[in-house]
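Presented below is the structure to which this report refers.
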Amino acid sequence: MNADEAFALYMKGHAQSDMPWELQQEQIKPIFMAGWVAHVEALKQGSLFTDTDSSPLDAIYRAYPRKIGKASALKAIAKAIQSGKSRAWLLDAVKNYAAATATWPADEKQYIPHPTTWFNRGSYDDDPKEWLRGGQAVSKFTKTYT
């Protein structure tokens, strides 16, 4: 369907008006056409009907188990990607970390770092065994002093 056909269909659905058809069409068509052009451009860019949280960085942020300081977290995520980590790899690491923290005892979940801290210190490179708590992993400290 082209813009003229879409406009004719639109006007057919909105033909009931107090204004004469010609005047209504003359006033509405430029506005409709501008909207049509914007719609086509959005389709070309793949941004139609997407919210502002649809970037790959937002997906990584949303996967992180603690939602705080989003703006600074997105900067830290971008910095991690610029350091050579792929978005897919980073997202996978965050999902693994989130899965590990989901098994933590409730009283230890308060120790989940802010996402900015976690990304800035490169915790995505940590050994995933370090992410386990509550009897899932036994640290050297626990072995030595218990």
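The values are calculated or read from the model by the stated rules, or taken from the named source; none is laboratory data. It should be emphasised that the depicted structure is a prediction, and the values quoted were computed from it without experimental measurement. Note that each Cβ is placed from the backbone with ideal geometry, even for glycine, and that neighbours are counted across all protein chains shown.
Looking at segment 100-127, which of its residues are part of a helix (DSSP H, G or I) and surrounded by fewer than 13 Cβ atoms within 10 Å (Cβ to Cβ)? First the steps, then the outcome.
The first filter runs over segment 100-127 and keeps only residues part of a helix (DSSP H, G or I), leaving 100-102, 106-111, 115-120, 123-125.
Scanning segment 100-127 gives ALA102, ALA106, ASP107, GLU108, GLN110, TYR111, ASP125.
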Candidates GLN45, GLN24, filtered to the one that is in contact with a Ser or Thr (Cβ under 6 Å, 6 or more places away or on another chain), at pLDDT below 90 and either farther than 27 Å from ASP125 by Cβ or surrounded by fewer than 11 Cβ atoms within 10 Å (Cβ to Cβ) (or both): GLN24
I'm checking my understanding of the structure. Among residues of segment 6-21 that are modelled with pLDDT of 65 or more and among the small types (Gly, Ala, Ser), which one is nearest to ARG87 (Cα to Cα)? ALA6
